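Below: the structure, in structure tokens.
The values are calculated or read from the model by the stated rules, or taken from the named source; none is laboratory data. From a predicted model like this one, the values you see are computed outputs, not experimental measurements. Don't worry about glycine lacking a Cβ; one is built from the backbone with ideal geometry, like all the others, and counts go over all protein chains shown.
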Amino acid sequence: MATLIELLPKEYGYVAFVLVIYVFLNFYMAFQVGKARKKYKVFYPTLYASESENKDANLFNCVQRGHQNSLETLPIFFTLMILGGLKHPSICAALGVLYTAARCAYFVGYSTGEPKNRLKFGALFFPAILGLMACTLSFGWSLASQ
């Protein structure tokens, strides 16, 4: 009887590597939010700073929002990578690298305090997600048409 690893395409390891790299990116973003909390004096459990109470609210909120937005899309990214990668591991890994780099740029741009800066390179996360969706649909179609 074959083990699960023997059933997976050998390139699927790249999918796993990209997912771990994204986890490290998430740790980096969380660390930056923690630094911003200290710098701008926004203490737990406050999620967002109020402009009426903190003159640096926008700066903190941009750092927080950049991380929060990445957390909001993380389940979508992981699901599409894991499923789409079963049929198209190399393509999904490449799209995952693009997504991760774009998410990093999105966060760095947002953290400047000017929200429009998040989209300079950060907007490339959207085509990466669309590509991952196509790979996952292809995988689903293959299963459904057997």
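Please find, within the stretch 102-140, the residue that is farthest from residue 36 (Cα to Cα) out of those that are within 16 Å of the chain's Cα centre (by Cα) and of a type in the set (Ser, Thr, Tyr).
106
Go through the stretch 68-92 and report how many residues are among the aliphatic types (A, V, I, L, M) and within 26 Å of residue 32 (Cα to Cα).
4
Of the residues 105, 57, only one is touching a helix residue (DSSP H, G or I) at 6+ places or on another chain (Cβ under 9 Å), over 19 Å from residue 138 (Cα atoms) and at pLDDT below 95; which?
Values: 105 fails: at pLDDT below 95.
57 is the lone residue from the list that is touching a helix residue (DSSP H, G or I) at 6+ places or on another chain (Cβ under 9 Å), over 19 Å from residue 138 (Cα atoms) and at pLDDT below 95.
Answer with yes or no whether residue 8 is of a type outside the set (S, T, N, Q), over 20 Å from residue 99 (Cβ atoms) and in contact (Cβ under 8 Å) with a residue 40 or more places away in the chain.
Spelling it out, residue 8 is indeed of a type outside the set (S, T, N, Q), over 20 Å from residue 99 (Cβ atoms) and in contact (Cβ under 8 Å) with a residue 40 or more places away in the chain.
So residue 145 clears everything in (1) modelled with pLDDT of 95 or more; (2) more than 18 Å from residue 63 (Cβ to Cβ) except one condition, right? Which one?
Evaluating residue 145 over (1) modelled with pLDDT of 95 or more; (2) more than 18 Å from residue 63 (Cβ to Cβ) leaves (1) as the failure.
Residues that are in contact (Cβ under 8 Å) with a residue 60 or more places away in the chain, assigned to a loop (DSSP other than H, G, I, E, B), in contact with a helix residue (DSSP H, G or I) (Cβ under 6 Å, 6 or more places away or on another chain) and not β-branched (Val, Ile, Thr): does the stretch 16-29 have at least one?
So far as the stretch 16-29 goes, no, none of its residues is in contact (Cβ under 8 Å) with a residue 60 or more places away in the chain, assigned to a loop (DSSP other than H, G, I, E, B), in contact with a helix residue (DSSP H, G or I) (Cβ under 6 Å, 6 or more places away or on another chain) and not β-branched (Val, Ile, Thr).
Quick one: what pairs do we get from the stretch 43-70, first residue in contact (Cβ under 8 Å) with a residue 12 or more places away in the chain, second surrounded by 11 or more Cβ atoms within 10 Å (Cβ to Cβ) and of a type in the set (Asp, Glu), C-beta under 8 Å, 6+ apart or different chains?
Going by the 8 Å Cβ cut-off, the qualifying pairs are 49/56; 57/51; 58/51; 62/114.
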